[in-house]
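A.B. asks: Mind looking over this structure? Questions follow.
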Amino acid sequence: MKSKNKNYLTVIILFSISFFLILTLSSCNFSNSSNQPPNYYSGYKAVDVELEPLVQSASRKSLLPLKITIINEGAYDASGLFFLSYPFPYLTFNKSQMSLFQDNQKGLAVYNTSTKRFGKNIDAVLKGKNMNHPFSDTKIDLIYLKPNLMMTQSEKMFTISLDYCYNYSIFVNVPLCINPNYDLSSIESVCKVEPIYLSGGQGSIVSVDRIEPVEYLDGNNIVLILKIYLVNHGSGEITDAEITDCFSKEDSNTNLFEAKRIRLRDLKIGNHAYNELAKEYPLNEDNSFEIEVPLKNKDVGPYKTPLSFTIDYGYKDSRSVQVTVK
């Protein structure tokens with residue numbers, strides 16, 4: 001009887017130890033999976049703007065409060081220009097609670113020759129998200145507009161707009177096949193030169209979704225042509241990488257295509273940097289552009305190597321709200 005109880009006790013102890021080990025290993029696995037660092041270089045977000053009137057209507061004797069939120073939800077630093085426009089002189093700028101839109105010309109408006117509207121200009125810099133800065137950089141302001149309707153004027157509805165543009169970037173790192181002289185019928189090729197498709201974005205509102213490489217031999221040298229396709233995932237439009245005049249150009253004929261110019265930099269293939277190709281390139285109508293890369297003389301067979309580069313571009317968008325003054 002004692003032997004039977006002893007065996008039973010041993011089974012219980014072994015079962016308890018096994019159960020404890022299973023729980024420990026499971027918790028370790030769960031901990032490891034949940035502690036994976038986030039990939040900031042994915043998704044399709046960048047700078048977003050919210051324009052929110054705190055009241056839908058105001059009396060002509062009261063101030064009209066307006067909340068402005070500017071947030072960078074992408075992976076790259078943004079430097080932006082913001083133009084708040086309102087129907088001057090029916091509405092005039094009174095004050096800024098957080099000083100984002102405040103200046104020394106209280107109540108005065110700037111005339112924008114492009115939009116033909118009065119308003120306030122500001123610029124702002126917002127940091128991108130990364131391991132050292134994992135939170136979305138946000139700027140908030142509460143401004144007050146003063147109605148200036150005469151008592152004899154009837155109730156009016158006004159549109160308030162915030163036009164903005166900013167610099168942003170895209171970083172790409174993908175494997176590239178170098179194989180300009182492959183013959184799949186005679187040898188087993190290491191890799192094949194074919195389009196490279198990217199999904200999931202690069203932490204920017206504009207992404208690189210496809211790269212089409214073409215390679216050929218020019219004497220003993222390899223010439224690589226890369227056609228890179230950009231996709232706009234937002235409601236705005238891609239503009240020139242230099243945004244200093246993003247609101248100064250008027251579209252005289254919307255049917256005419258005007259090429260925007262992006263900037264390519266930090267191009268590397270393998271361990272070789274091609275700094276001489278760091279310059280601006282015009283975008284085609286399908287948001288693609290081409291670069292030609294003269295590779296060094298290669299006597300070795302086909303191989304794979306990393307391709308990486310950064311694209312700088314400008315982005316332009318607008319938000320608007322309607323308010324009523326009684």
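The values are calculated or read from the model by the stated rules, or taken from the named source; none is laboratory data. Fair warning: this is a prediction, and the values are worked out from it, not measured in the lab. Because the Cβ atoms are built from the backbone with ideal geometry, glycine has one as well, and the counts that use them run over all protein chains shown.
A.B. asks: Are there any pairs with C-beta distances below 9 angstrom linking a residue in segment 230-249 that is farther than 19 Å from Asp286 by Cβ and surrounded by 14 or more Cβ atoms within 10 Å (Cβ to Cβ) to a residue that is at pLDDT 90 or above and of a type in the set (Lys, Arg), with the two at least 6 apart or on different chains, and if so which?
C.D. replies: Note: pairs meeting the criteria are Ile243/Lys316; Cys246/Lys316; Phe247/Lys316.
A.B. asks: Quick check: anything in segment 268-275 touching a helix residue (DSSP H, G or I) at 6+ places or on another chain (Cβ under 7 Å), at pLDDT 90 or above and assigned by TED's automatic domain parsing to the domain that holds Pro195?
C.D. replies: no
A.B. asks: Mind listing whichever residues of segment 279-326 are at pLDDT 90 or above, surrounded by fewer than 16 Cβ atoms within 10 Å (Cβ to Cβ) and either on the phi > 0 side of the Ramachandran plot or β-branched (Val, Ile, Thr) (or both)?
C.D. replies: Thr305, Val321
A.B. asks: Here's a follow-up. Can you tell me which residue is surrounded by the fewest Cβ atoms within 10 Å (Cβ to Cβ) among those in segment 42-75 that are at pLDDT 90 or above and in a loop (DSSP other than H, G, I, E, B)?
C.D. replies: Ser42
A.B. asks: Find the residue count for segment 76-93, including only residues that are at pLDDT 85 or above and in a loop (DSSP other than H, G, I, E, B).
C.D. replies: Going through segment 76-93 one residue at a time, the tally reaches 2.
A.B. asks: Of all residues being among the β-branched types (Val, Ile, Thr) and touching an Asp or Glu at 6+ places or on another chain (Cβ under 7 Å) in segment 50-89, which is nearest to Asn167 (Cα to Cα)? Just the residue, please. Walk me through how you get there before you give the answer.
C.D. replies: Of the residues in segment 50-89, the ones among the β-branched types (Val, Ile, Thr) are 55, 68-71.
Those left that are additionally touching an Asp or Glu at 6+ places or on another chain (Cβ under 7 Å): 68-69, 71.
On the way: Ile68: 20, Thr69: 18, Ile71: 14 Å.
In this case the residue turns out to be Ile71.
A.B. asks: If you don't mind, another one. For segment 193-212, how many residues are surrounded by 15 or more Cβ atoms within 10 Å (Cβ to Cβ) and part of a loop (DSSP other than H, G, I, E, B)?
C.D. replies: Counting residues in segment 193-212 that are surrounded by 15 or more Cβ atoms within 10 Å (Cβ to Cβ) and part of a loop (DSSP other than H, G, I, E, B) gives 7.
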